[in-house]
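S.K.: The structure follows.
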Amino acid sequence: MRTVYLGTSDFAATVLDRLSTSPHRPALVVTRPDAPKGRGRRVAPPPVAESARLLGIDLFQPDDVNGEAARERIAAAHPEAVLICAYGALIKEPLLSEHEMLNVHPSLLPRWRGAAPVERAIEAGDEETGVTIMRPIAELDAGPIAVERAEAIEPDDDYGTLSDRLAALGGELLVEALDTEPTFRDQPDTGVTYADKIGPEDRRLDPELTADLLERRVRALRPHIGTYIELPWDERLGVTRAALAAEEGPAPGELGVHDGRLLYGAAGGALELCEVHPAGKKPMDADAWIRGYGARLANSR
């Protein structure tokens, strides 16, 4: 089947790699423009652009995928299907109706429609998620389903490990859908949840929340976004790895050292901060942080 592929992220790049080895290798890849990245804010291409160049596939990076020039470029490739995966911008009319479209979404729809389904599934403590291949419509992630498959969420999964498995599954499932052209079915009206975009407030480990939820939040935002706590001396301390503490620990919002371990108090328990990321430094084990900052922590009380 002749296809055009729209995608941007690392997840989408993995799906593209699998698609390129199938009979449905895209004639054109469309991705977002190059943009500043990282602390240095150097302009760099999206992961899908890098993959398309390595694969030798024609690449197009419009400012507006819904604009007339982009629509003409896509139509000129004469696709039998336009495939979408983590493009990072809404596909709108009239582009939405100009081609047969399939979208790769990393959840078991209708659960976790929206921008951050992998993160929200981990944070919520779901035991499984999956990938859905569906037809996009104007309503966000509400279109009919072609095929979907579940993937267990392991107790130690973070965004990085889970999204890698889901991306591999997404590539296989997309090729399967193109091979078999299954019948679409409408999504059920029950069980709909929304995975809101991760905002600045989601990064903070709010001590008024339960310790088990905060432990899941650390994993949900690792390694791509990160979480933090607020230190007594008005500084943020990034938290890259954490575990539920066996003991009660300090009061909610307080940081303490107990038996050589760094504990952060939260509602109904405490987090052991196993790896932290001080401002302006590299991530370090908690014991290294205690050696460098323990005295300051003690003096701040």
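The values are calculated or read from the model by the stated rules, or taken from the named source; none is laboratory data. Worth saying up front: this structure is predicted, and the values here are computed from it rather than measured. So basically every Cβ, Gly included, is an ideal-geometry build from the backbone, and we count neighbours across all protein chains shown. Ligands, DNA and RNA are stripped out before the accessible areas are found, and what is left, the full protein with its side chains, is counted by its heavy atoms. Shrake-Rupley method; radii C 1.70, N 1.55, O 1.52, S 1.80 Å.
S.K.: With the checklist (1) open to solvent by less than 40 Å² (accessible area, probe 1.4 Å); (2) in contact with a helix residue (DSSP H, G or I) (Cβ under 6 Å, 6 or more places away or on another chain); (3) not β-branched (Val, Ile, Thr) in hand, flag the one item residue 226 doesn't pass.
M.R.: (2)
S.K.: Name the residues in region 215-235 that are part of a loop (DSSP other than H, G, I, E, B) and in contact with a strand residue (DSSP E or B) (Cβ under 8 Å, 6 or more places away or on another chain), would you? Write out each step before concluding.
M.R.: The initial filter retains those residues of region 215-235 that are part of a loop (DSSP other than H, G, I, E, B), namely 221-226, 232-234.
Once the filter is applied, which keeps residues that are part of a loop (DSSP other than H, G, I, E, B) and in contact with a strand residue (DSSP E or B) (Cβ under 8 Å, 6 or more places away or on another chain), region 215-235 yields 221, 222, 223, 226, 232.
S.K.: With the checklist (1) surrounded by fewer than 17 Cβ atoms within 10 Å (Cβ to Cβ); (2) farther than 23 Å from residue 199 by Cα; (3) of a type outside the set (Phe, Trp, Tyr); (4) touching a residue at least 60 places away in the same chain (Cβ under 8 Å) in hand, flag the one item residue 297 doesn't pass.
M.R.: (1)
S.K.: Within region 39-52, work out how many residues are open to solvent by less than 90 Å² (accessible area, probe 1.4 Å) and either among the polar types (S, T, N, Q) or part of a strand (DSSP E or B) (or both).
M.R.: Residues of region 39-52 open to solvent by less than 90 Å² (accessible area, probe 1.4 Å): 40, 44-49, 51-52.
Of the ones still in play, those that are also either among the polar types (S, T, N, Q) or part of a strand (DSSP E or B) (or both) are 44, 51.
Qualifying residue count, region 39-52: 2.
S.K.: Can I ask one more? Among the residues of region 234-285, which ones are under 24 Å from residue 160 (Cα atoms), open to solvent by less than 10 Å² (accessible area, probe 1.4 Å) and among the hydrophobic types (A, V, I, L, M, F, W, C)?
M.R.: Answer for region 234-285, where residues must be under 24 Å from residue 160 (Cα atoms), open to solvent by less than 10 Å² (accessible area, probe 1.4 Å) and among the hydrophobic types (A, V, I, L, M, F, W, C): 237, 239, 271, 273, 276.
S.K.: Among the candidates 217, 203, single out the residue that is under 18 Å from the mean Cα position of the chain (by Cα) and open to solvent by 60 Å² or more (accessible area, probe 1.4 Å).
M.R.: Unique residue meeting the criteria: 203.
S.K.: Here is a follow-up. In region 27-38, which residue that is open to solvent by less than 10 Å² (accessible area, probe 1.4 Å) and not polar (S, T, N, Q) is nearest to residue 71 (Cα to Cα)? Outline the logic, then answer.
M.R.: Residues of region 27-38 that are open to solvent by less than 10 Å² (accessible area, probe 1.4 Å), as a first pass: 28-31.
Going one step further and asking which of them are not polar (S, T, N, Q), we end up with 28-30.
Working: 28: 12, 29: 13, 30: 11 Å.
Among them, the one singled out is 30.
S.K.: Have a look at 124, 76, 89, 116 and point out the one that is closer than 28 Å to residue 206 by Cα, open to solvent by 20 Å² or more (accessible area, probe 1.4 Å) and of a type outside the set (Lys, Arg).
M.R.: Details: 76 fails: closer than 28 Å to residue 206 by Cα; 89 fails: closer than 28 Å to residue 206 by Cα; 116 fails: open to solvent by 20 Å² or more (accessible area, probe 1.4 Å).
After applying the criteria, what remains is 124.
S.K.: Something else: Within region 178-192, can you find the residues that are in a helix (DSSP H, G or I) and among the aliphatic types (A, V, I, L, M)? Spell out the reasoning first.
M.R.: Within region 178-192, the first condition is being in a helix (DSSP H, G or I), and the residues that meet it are 178-180.
Of everything in region 178-192, just one residue is in a helix (DSSP H, G or I) and among the aliphatic types (A, V, I, L, M), namely 178.
S.K.: Further question on the same structure: Could you check, for region 121-142, whether at least one of its residues is over 30 Å from residue 214 (Cα atoms) and among the charged types (D, E, K, R)? Before you say what the answer is, go through the steps one by one.
M.R.: Kept after step one, since they are over 30 Å from residue 214 (Cα atoms), are these residues of region 121-142: 133-139.
Okay, now just the ones that are also among the charged types (D, E, K, R), so 135, 139.
Yes, there is a match, as at least one residue in region 121-142 is over 30 Å from residue 214 (Cα atoms) and among the charged types (D, E, K, R).
S.K.: To continue, here is another question. Looking at region 53-103, which of its residues are outside any loop (DSSP other than H, G, I, E, B), under 21 Å from the mean Cα position of the chain (by Cα) and not polar (S, T, N, Q)? Don't jump to the end; show me each part of the working.
M.R.: First, pick out the residues of region 53-103 that are outside any loop (DSSP other than H, G, I, E, B): 53-55, 59-60, 68-76, 81-85, 95-98, 101-103.
Still in the running and under 21 Å from the mean Cα position of the chain (by Cα): 83-85, 102-103.
Listed by number, the residues that qualify are 83, 84, 85, 102.
S.K.: Let me ask something else. Could you figure out which of (1) within 22 Å of residue 22 (Cα to Cα); (2) of a type in the set (Gly, Ala, Ser); (3) in contact with a Lys or Arg (Cβ under 7 Å, 6 or more places away or on another chain) isn't true of residue 163?
M.R.: The one condition residue 163 does not meet is (3).
S.K.: Let me ask something else. Among (1) part of a helix (DSSP H, G or I); (2) farther than 23 Å from residue 121 by Cα, there is one condition residue 212 misses while meeting the rest; what is its number?
M.R.: The number of the failed condition is (2).
S.K.: Could you list, in sequence order, all residues of region 175-201 that are under 27 Å from residue 244 (Cβ atoms) and free of Cβ contacts under 8 Å to residues at least 60 places away in the same chain?
M.R.: 199, 200, 201
S.K.: Taking region 1-16, which residues are open to solvent by less than 70 Å² (accessible area, probe 1.4 Å) and either outside any strand (DSSP E or B) or in contact with a Pro (Cβ under 6 Å, 6 or more places away or on another chain) (or both)? Spell out the reasoning first.
M.R.: Step one: filter region 1-16 for residues open to solvent by less than 70 Å² (accessible area, probe 1.4 Å), giving 1, 3-9, 11-16.
Answer for region 1-16, where residues must be open to solvent by less than 70 Å² (accessible area, probe 1.4 Å) and either outside any strand (DSSP E or B) or in contact with a Pro (Cβ under 6 Å, 6 or more places away or on another chain) (or both): 1, 3, 4, 5, 8, 9, 11, 12, 13, 14, 15, 16.
S.K.: Out of the residues in region 142-160 meeting the condition of being touching a Ser or Thr at 6+ places or on another chain (Cβ under 8 Å) and without any contact (Cβ under 8 Å) to a residue 40 or more places away in the chain, tell me which one is surrounded by the most Cβ atoms within 10 Å (Cβ to Cβ).
M.R.: 153
S.K.: Only one of (1) without any contact (Cβ under 8 Å) to a residue 60 or more places away in the chain; (2) within 21 Å of residue 177 (Cα to Cα) fails for residue 113. Which number is that?
M.R.: (1)
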